[in-house]
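Presented below is the structure to which this report refers.
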Amino acid sequence: MYFVNLFGAGIRYWICDIHMPRFLEMDEFRKKHDFPWENLMFDIDFLRRFNCTHWSELSTYQEQRAFTLSRENRIEIKHKGRFLEKFTSLELLGDGLLFPKYSTQLLQPILPTIEEHQRIILVQYETGLFAKFQFDTSAFDTNQLSFILIEPIPNETKQWLHGIQINGKEIKPVQEEMVVRGSHVIFP
């Protein structure tokens with residue numbers, strides 16, 4: 001059994017397209033009470049006023065996650081309990097190398113805007129075991145892995161790690177142990 005562990009900071013985010021009358025009603029409440037968007041959009045009591053039990057219900061697309069490419073974030077590749085590779089997530093970019101050490105693909109999803117809707121992005125900043133991926137193969141070489149990169153929030157973030165593939169097939173995470181460090185609401 002092989003494992004790829006991602007340790008460090010990342011984000012969980014929801015891209016929401018809120019119908020304009022509903023958004024204006026939310027904004028009116030926000031202005032009346034002088035609250036920042038973060039205090040409202042992640043507040044269950046506020047959302048209940050708009051027939052929501054969780055902010056994910058406002059999301060147009062499924063919940064997304066992205067792992068920061070930085071010197072602090074670590075990626076470990078293990079076979080059973082033995083380390084095969086250990087590197088920082090920033091090394092995925094291959095900066096300063098003639099040939100990148102790791103295979104990467106940049107995913108650029110097109111998320112069309114919806115007329116008469118206000119797009120907002122709800123972001124939670126998280127730290128810990130961002131993801132643990134598990135796979136089994138008879139013979140393994142790191143060249144079989146491809147790290148999928150994404151710009152999670154256009155014009156706000158650079159490339160972040162979004163997923164991992166082995167031999168062209170996506171590997172789903174089997175575990176995460178994250179602590180939420182904060183939240184943010186972005187108007188793209």
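What follows draws every value from the coordinates through simple rules; no lab data is involved. What you see is a predicted model; the values in this text were computed from it and never measured. So basically every Cβ, Gly included, is an ideal-geometry build from the backbone, and we count neighbours across all protein chains shown.
For this structure, a couple of remarks:
- Maximal additional length on extending the Lys80-Arg30 stretch stands at 12.9 nm, based on 0.36 nm per residue less the C-alpha distance.
- With a Förster radius of 22 Å applied to the beta-carbon distance between Leu90 and Gln134, the computed FRET efficiency rounds to 0.35.
- Value at 222 nm in deg cm²/dmol, rounded to 500, when DSSP H runs of n ≥ 4 in the chain each add -39,500 (n - 2.57): -3500 deg cm²/dmol
- Largest mean-square fluctuation among Asp136, Asp27, Asp17, in a Gaussian network model of the chain whose springs join Cα atoms under 10 Å apart, belongs to Asp136.
- Cα-only radius of gyration and Dmax that characterise segment 1-44, units Å: 17.2, 56
- Once the Cβ-Cβ distance of Asp45 and Val180 is raised to the sixth power relative to R0 = 22 Å, the FRET efficiency obtained is 0.75.
- The trypsin sites (Lys or Arg not before Pro) of segment 42-113 that DSSP puts in a loop, and whose beta carbon has at most 15 other beta carbons within 10 Å, are Arg49, Arg71, Lys80, Lys101.
- Charged neighbours of Leu69, selected by a Cβ distance under 13 Å, balance to -1 (K, R count +1; D, E count -1).
- Loop sites in segment 112-188: GluC sites (Glu not before Pro), DSSP, at most 10 other Cβ within 10 Å: Glu115, Glu116
- Convex hull volume per residue in cubic angstrom - Cα atoms of the chain: 136
- Cross-link partners of Lys80 among lysines, defined as those whose alpha carbon lies under 28 angstrom from its own and excluding same-chain residues fewer than eight positions apart: Lys101, Lys132, Lys169, Lys172.
- Cut-off 13 Å between beta-carbons: net charge of the residues surrounding Phe83, Lys and Arg +1, Asp and Glu -1: +3
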